[in-house]
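Participant: Okay, handing you the structure first.
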Amino acid sequence: MSQSNPLSLHVPEPTGRPGCKTDFTYLQLTPAGAVRRPPIDVAPLETSDMAQQLIRVLDEHGNAVGPWAEAPDRDLLRFGLRTMMKTRIFDARMVIAQRQKKMSFYMISLGEEAIGTAHALALQDGDMNFPTYRQQSLLMAREVPLVDMICQLLSNERDPLKGRQLPVMYSVRSAGFFTISGNLATQYPQAVGWAMASAIKGDTKIASAWIGDGATAESDFSTALTFAHVYRAPVILNVVNNQWAISSFQAIAGGESVTFATRGVGSGIASLRVDGNDFLAVLAASRWAAERARSNLGPTLIEWVTYRAGPHSTSDDPARYRPADDYARFPLGDPIARLRQYLTNLGWWSDEEHDATHTALEAEILAAQKEAESFGILGDERAPSAATMFEDVYKDMPEHLRRQRQQLGV
């Protein structure tokens, strides 16, 4: 019997740590315009090539190329750029407010603004998103009042969630924004179930589920894919691969040797891998998947390749686990700059308009913040009453809770 070499365990490592330069060749990039666009009734197995390549529309010169390039809509694209700018400015202001101890916590979406903005524009009223905590651009695209969003962050007396949710975990049914859960991956099976219910009722509304690359390692992810495949649920399954789940590199969740999109193909689901920093690619792929779902052709899984440019949250310091210049070296660039260049090439945007829009958005957000703070900030007396913890659970309050409320004196 021959002697075997001792076994060894493979532990994935990121391509760069602090003080190093990250090597982004692992991203498996594809030239803009090179990936085919199949008909919406394509068999899931026949999308395997698109799950490994990268759908891109905007080239390095800001031109739209290839089969995924659609006829440009001037007003919609201008609204998209303005919405991405609004999201970024809002995030920056709220981080300042958190540092001023006006709120306990915040999470920015720097570098990921195109994904939520363009996706929202591909959906219809009544469709339901089941988001994670970095899709505030979905709400911005639906023009949810900024004051309402900021009051939730401040947990003040006008907080629509009455202080029951961590800041940024919004819930806006009218905007198709299901309550965010801090327990990652739960949104996936909930979205599939919602989509199945819509189909059972004979409705026309679809669901859109959101998850990060790290949460694909949760069992909820696999369970949702099985149900979506078996019942052909009208749902879009979004995987936002921003390379980092807090301090864990995406390879730890299985993204080292295969793409996350290939997991959809293996589950019998049509799958796409898309440049998440390319607004036009996000919009086209989202429309394709939405039409497929609405046509009773089943689910689509989309891996959005992007980069979390900022910290995971205001409680995080990314300089401790990744190179400081990562985002500047990310080969897919900045989503705002790329759409801005495209619109400028068409003569639909200018430097003067960009500066004026930025100034106007800053003023709008500051005014909303001032109004929201008039209803209270973290730690002052204008917080939701303690009595609200006993409400909205039972139709008729049980006797033991009634006694507890009386003992609390509220």
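The values are calculated or read from the model by the stated rules, or taken from the named source; none is laboratory data. Remember, it's a predicted structure, so these values are computed and weren't measured experimentally. Positions of Cβ are backbone-derived with ideal geometry, glycine not excepted, and every protein chain shown enters the neighbour counts. We work out accessible area using only protein heavy atoms, side chains counted, and drop any ligands, DNA or RNA first. Shrake-Rupley method; radii C 1.70, N 1.55, O 1.52, S 1.80 Å.
Participant: Kindly provide the set of residues from the range 55-76 that are within 17 Å of His119 (Cβ to Cβ) and either of a type in the set (S, T, N, Q) or crowded, with 20+ Cβ neighbours inside 10 Å (or both), ordered by number.
Facilitator: Ile55, Arg56, Val57, Leu58, Trp68
Participant: Any residue that is under 27 Å from Ser155 (Cβ atoms), open to solvent by less than 10 Å² (accessible area, probe 1.4 Å) and aromatic (Phe, Trp, Tyr) - is there at least one of those in the range 93-105?
Facilitator: No; the residues of the range 93-105 include none that is under 27 Å from Ser155 (Cβ atoms), open to solvent by less than 10 Å² (accessible area, probe 1.4 Å) and aromatic (Phe, Trp, Tyr).
Participant: Just one of Val42, Val57, Val95, Val65 is modelled with pLDDT of 95 or more, touching a helix residue (DSSP H, G or I) at 6+ places or on another chain (Cβ under 7 Å) and not basic (Lys, Arg); which is it?
Facilitator: Just one listed residue meets the conditions, Val57.
Participant: Name the one entry in Leu332, Leu346, Leu301 that is under 25 Å from Thr87 (Cβ atoms) and within 15 Å of the chain's Cα centre (by Cα).
Facilitator: Every option except Leu301 fails the conditions.
Participant: Please find, within the range 138-147, the residue that is most open to solvent (accessible area, probe 1.4 Å) out of those that are in contact with a strand residue (DSSP E or B) (Cβ under 9 Å, 6 or more places away or on another chain) and either of a type in the set (Asp, Glu) or assigned to a loop (DSSP other than H, G, I, E, B) (or both).
Facilitator: So, considering only residues that are in contact with a strand residue (DSSP E or B) (Cβ under 9 Å, 6 or more places away or on another chain) and either of a type in the set (Asp, Glu) or assigned to a loop (DSSP other than H, G, I, E, B) (or both), the one most open to solvent (accessible area, probe 1.4 Å) is Arg142.
Participant: Residue check: is Ser222 within 25 Å of Val11 (Cα to Cα), among the hydroxyl-bearing types (Ser, Thr, Tyr), surrounded by fewer than 21 Cβ atoms within 10 Å (Cβ to Cβ) and in contact with a Phe, Trp or Tyr (Cβ under 6 Å, 6 or more places away or on another chain)?
Facilitator: No: the conditions fail for Ser222.
Participant: Exactly one of these conditions fails for Phe79: (1) crowded, with 18+ Cβ neighbours inside 10 Å; (2) at negative phi. Give me its number.
Facilitator: Going through the list (1) crowded, with 18+ Cβ neighbours inside 10 Å; (2) at negative phi, Phe79 breaks only (1).
Participant: Ok, one more. Tell me, yes or no, whether the range 368-387 has at least one residue that is part of a helix (DSSP H, G or I), over 14 Å from Met149 (Cα atoms), touching a residue at least 12 places away in the same chain (Cβ under 8 Å) and open to solvent by less than 40 Å² (accessible area, probe 1.4 Å).
Facilitator: yes
Participant: Would you please name the residue that is least open to solvent (accessible area, probe 1.4 Å), looking only at residues in the range 151-204 that are in contact (Cβ under 8 Å) with a residue 60 or more places away in the chain and out of contact with any helix residue (DSSP H, G or I) (no Cβ under 9 Å at 6 or more places or on another chain)?
Facilitator: My answer is Ser155.
Participant: I've got another one for you. Tell me, yes or no, whether the range 75-89 has at least one residue that is over 18 Å from the mean Cα position of the chain (by Cα), more than 23 Å from Val57 (Cβ to Cβ) and at pLDDT 95 or above.
Facilitator: Within the range 75-89, none of the residues are over 18 Å from the mean Cα position of the chain (by Cα), more than 23 Å from Val57 (Cβ to Cβ) and at pLDDT 95 or above.
Participant: Same structure again: Would you please name the residue that is surrounded by the fewest Cβ atoms within 10 Å (Cβ to Cβ), looking only at residues in the range 246-263 that are under 28 Å from Gly176 (Cα atoms) and in contact with an Asp or Glu (Cβ under 6 Å, 6 or more places away or on another chain)?
Facilitator: Applying the filter and picking the extreme gives Phe260.
Participant: If we keep just the residues of the range 148-170 that are in a loop (DSSP other than H, G, I, E, B), touching a Gly at 6+ places or on another chain (Cβ under 9 Å) and not charged (D, E, K, R), which is farthest from Ile96 (Cα to Cα)?
Facilitator: Gln165
Participant: I've got another one for you. What are the residues in the range 331-352 that are surrounded by 19 or more Cβ atoms within 10 Å (Cβ to Cβ) and either at pLDDT below 95 or assigned to a loop (DSSP other than H, G, I, E, B) (or both), if any?
Facilitator: Hits for the range 331-352 are Leu332, Asp334, Trp349.
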